[in-house]
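> Okay, handing you the structure first.
The values are calculated or read from the model by the stated rules, or taken from the named source; none is laboratory data. Just so it is clear, the model here is predicted, and its values are computed rather than measured. For neighbour counting, all protein chains shown are included, and Cβ atoms are generated from backbone atoms with ideal geometry for every residue, glycine included.
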Amino acid sequence: MDFGVRPGVDTLLAQVKAMIRDEIAPREADFHAEIDKGDRWSFTQKQTAILEDLKSMARAQNLWNLWLTDSAGGPGLSTVEYAYFAEEMGRTPLAAEVFNCNAPDTGNMEVFERYGTQAMKERWLAPLMSGRIRSAYLMTEPDIASSDPTNLELSCVREGDGYVLNGEKWWATGAGDPRCAVYIVMVHTGDQDAPKHKRHSMIVVDASSAGIEILRPMHVYGHDDAPHGHMHIRFTNVRVPADNMLLGEGRGFEIAQGRLGPGRIHHAMRAIGQAESALEMMCRRSLEREAFGKPLAQLGANFDIIAECRMEIEQARLLCLKAAWMMDQGDARKAAPWISQIKVVAPRMALKVVDEAVQMFGAKGISQDVPLAASWTHLRTLRLADGPDAVHRRQVARAELRKYTNDKI
C-alpha cells in the first residue's frame, strides 16, 4: 500500500499549507466577528470581501476544486492524496470553502458530475464549480429514524410532466446560506411492493421553488451556525420537472452510496486536522502557562496526555489513509467497512484531543477566546452526520462476521 503523494502533488500541498497559515487563519476572526452584525443569514460587505479575496488567491494558484478527478478538469488527486489536503483544510473552519472543497457542495458536485444530465451540469454544476452558488443535500427527516434511510417518507408523486413533493426535511446543512440555489433531495417514490432499496430516488430541486418553506434553523448545542445553518424545511405541493430526477426512479440508494463514501473520508481527515490544531494549541499552552511554579507541561499527567494524543492521531490518520487507499482500488463494497471504521474512529479521537486541550486551557478553553468549544461541537455533531456511530459499527461487525458464516448477518 502506498500512502504517499506523487511529485508535484507535494508542491500543491505545501502551497495549501502556506495559504492556510499565512492568509486564511489570520483573517478568520474578522470574518466570524461579522456574523452578529445585522442579519445573521446574509453576508456583510466585509465578509464577502474577505471570502472573495481569499478565493481569488486560491484560484490564482490553481488551488481550486482539489477534490476533482482529471476527467473533470481537476488536479487528478487520488483519494489518498486528497486526504492530506482535507486534513490541512480541517485545521481552520473557513479553509475548505476558500478552496471550493466545502461540504455539502463537494458531494453535490460529485452527484452532478457522475449522474446529472448535461442541462443539470450547465445550470448547477458549472456555477458550483466556479464558487458562484452554494447547495444543500436533504436526506434526514424529523419524524422517523433516518439512520435507517429506508424509512424516509418525503413523498414524490408523478403528475403529468413533473413530480409533486410533500413532506419535511431537517438538518439541511448550508440551506440557510443566501447563496444556496439548489437542493439534492432524497424522496420516496416506490410503492410498498417494491424492494425496500428501490423505493427511494434523488431529485434536483431549485431552492426558490414555490411551496418551499424554511421553518427554522436547527441549533447545534445552542448555536445556529449562521450564515450557512442546518435548516428545517417543509415542502408543500412543490412541483419539480420530471427531467430533474437523477438516473430514474428507485435509484436513490445507488446515488447515495456513490456520494457518501468519499464525503465520509473527507470528514474524517478534516477531523484529524482539527485534532492536530488542538494538540498544537495544547502543547503551546502547556509550555507558556505556569502554575505552582512550573510550566503546565510538567504538572500532573500532562506529559502522558500529550503523548497519548499524538499516538492516537497517528493511528487514526493511518486508518483513514488505508480507507482512502481501499477506495482508490475501485471496489466500493470492499472499501465500505474501512470507511465505516474511520467514520467512527476519527471524530471520537478528535473529540478526545480537543477535550484535553480544553482542559489545558482551563476556563478559557470553553470560551469564545479560543476555537476549541466550536471545534468540539462540530466534532460531536460529526458522530451523527453521514450515519451515526452505531450504524457504522454494525456495518463493521457484519463484515467481520461474514468471514465466519455463510448466513446473512
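> I need a count of the residues in segment 33-46 that are surrounded by 12 or more Cβ atoms within 10 Å (Cβ to Cβ) and without any contact (Cβ under 8 Å) to a residue 40 or more places away in the chain.
The total comes to 4.
> Okay, moving on. Name the pairs: first residue in segment 115-126 and touching a residue at least 40 places away in the same chain (Cβ under 8 Å) and surrounded by fewer than 13 Cβ atoms within 10 Å (Cβ to Cβ), second residue in a helix (DSSP H, G or I) and among the charged types (D, E, K, R), Cβ to Cβ under 9 Å, at least 6 apart or on different chains?
ALA119/ASP243
> Would a scan of segment 90-104 turn up a residue that is in contact with a strand residue (DSSP E or B) (Cβ under 6 Å, 6 or more places away or on another chain) and in contact (Cβ under 8 Å) with a residue 24 or more places away in the chain? Walk me through how you get there before you give the answer.
At the first step, the residues of segment 90-104 found to be in contact with a strand residue (DSSP E or B) (Cβ under 6 Å, 6 or more places away or on another chain) are 104.
Now narrow it down to the ones that are in contact (Cβ under 8 Å) with a residue 24 or more places away in the chain: 104.
Yes, segment 90-104 has at least one match.
> Here is a further query. Condition first: among the aromatic types (Phe, Trp, Tyr) and at pLDDT 95 or above. Now tell me which residues in segment 42-63 satisfy that. Reasoning before the result, please.
Here is the first cut: in segment 42-63, the ones among the aromatic types (Phe, Trp, Tyr) are 43.
Answer for segment 42-63, where residues must be among the aromatic types (Phe, Trp, Tyr) and at pLDDT 95 or above: there is none.
> Please pick out the residue among ARG285, ARG234 that is surrounded by 15 or more Cβ atoms within 10 Å (Cβ to Cβ), basic (Lys, Arg) and not assigned by TED's automatic domain parsing to the domain that holds ALA357.
So the residue among ARG285, ARG234 that is surrounded by 15 or more Cβ atoms within 10 Å (Cβ to Cβ), basic (Lys, Arg) and not assigned by TED's automatic domain parsing to the domain that holds ALA357 is ARG234.
> Regarding segment 290-303, can at least one residue be identified that is buried (at least 16 other Cβ atoms within 10 Å of the Cβ), under 24 Å from the mean Cα position of the chain (by Cα) and outside the structural domain of THR79 (by TED's automatic domain parsing)?
There is no residue in segment 290-303 that is buried (at least 16 other Cβ atoms within 10 Å of the Cβ), under 24 Å from the mean Cα position of the chain (by Cα) and outside the structural domain of THR79 (by TED's automatic domain parsing).
> Could you go through segment 267-278 and let me know if any residue there is touching a His at 6+ places or on another chain (Cβ under 9 Å) and assigned to a loop (DSSP other than H, G, I, E, B).
The answer is no; no qualifying residue exists.
> One residue is enough: does segment 59-74 have a residue meeting the conditions more than 28 Å from ALA324 (Cα to Cα), without any contact (Cβ under 8 Å) to a residue 60 or more places away in the chain, not in a loop (DSSP other than H, G, I, E, B) and not assigned by TED's automatic domain parsing to the domain that holds HIS228?
As a first pass, look at segment 59-74 and keep what is more than 28 Å from ALA324 (Cα to Cα): 60.
Filter once more, so that each one left must be without any contact (Cβ under 8 Å) to a residue 60 or more places away in the chain: 60.
Then drop every residue that is not not in a loop (DSSP other than H, G, I, E, B), which leaves 60.
Imposing the further condition that a residue be not assigned by TED's automatic domain parsing to the domain that holds HIS228 reduces the set to 60.
Yes.
> Turning to a different aspect of this structure: Please state which one of SER375, SER367 is hydroxyl-bearing (Ser, Thr, Tyr) and free of Cβ contacts under 8 Å to residues at least 60 places away in the same chain. If you could, list the steps in order and put the result at the bottom.
Details: SER375 fails: free of Cβ contacts under 8 Å to residues at least 60 places away in the same chain.
Unique residue meeting the criteria: SER367.
> Next up: Is it the case that some residue within segment 91-112 is among the aromatic types (Phe, Trp, Tyr), assigned to a loop (DSSP other than H, G, I, E, B) and crowded, with 23+ Cβ neighbours inside 10 Å?
The first filter runs over segment 91-112 and keeps only residues among the aromatic types (Phe, Trp, Tyr), leaving 99, 112.
Imposing the further condition that a residue be assigned to a loop (DSSP other than H, G, I, E, B) reduces the set to 99.
Restricting the remaining residues to those that are crowded, with 23+ Cβ neighbours inside 10 Å gives 99.
Looking for residues that are among the aromatic types (Phe, Trp, Tyr), assigned to a loop (DSSP other than H, G, I, E, B) and crowded, with 23+ Cβ neighbours inside 10 Å, one finds at least one in segment 91-112, hence yes.
> Quick check: is even one residue across segment 29-40 in a helix (DSSP H, G or I) and touching a Ser or Thr at 6+ places or on another chain (Cβ under 9 Å)?
Yes, because at least one residue in segment 29-40 is in a helix (DSSP H, G or I) and touching a Ser or Thr at 6+ places or on another chain (Cβ under 9 Å).
> Sticking with this one: Please determine, by comparing only the residues of segment 304-329 that are within 17 Å of ARG259 (Cβ to Cβ) and either among the polar types (S, T, N, Q) or out of contact with any Asp or Glu (no Cβ under 9 Å at 6 or more places or on another chain) (or both), which one is surrounded by the fewest Cβ atoms within 10 Å (Cβ to Cβ).
This residue is MET327.
> If only one of THR117, THR173, THR140 is out of contact with any helix residue (DSSP H, G or I) (no Cβ under 6 Å at 6 or more places or on another chain) and under 30 Å from ILE20 (Cα atoms), which one is it?
Details: THR117 fails: under 30 Å from ILE20 (Cα atoms); THR140 fails: under 30 Å from ILE20 (Cα atoms).
Criteria check complete, one pass: THR173.
> Please go through segment 113-137 and pick out each residue that is outside any loop (DSSP other than H, G, I, E, B) and over 25 Å from THR79 (Cα atoms).
Within segment 113-137, GLN118, ALA119, MET120, GLU122, ARG123 meet the criteria.
> Let me ask another. Pick from segment 351-374 the residues that are within 22 Å of ALA316 (Cα to Cα) and small (Gly, Ala, Ser): which of them is surrounded by the most Cβ atoms within 10 Å (Cβ to Cβ)?
The qualifying residue surrounded by the most Cβ atoms within 10 Å (Cβ to Cβ) is ALA357.
> Is at least one residue of segment 123-135 within 30 Å of ALA390 (Cβ to Cβ) and aliphatic (A, V, I, L, M)?
No, the conditions are met nowhere in segment 123-135.
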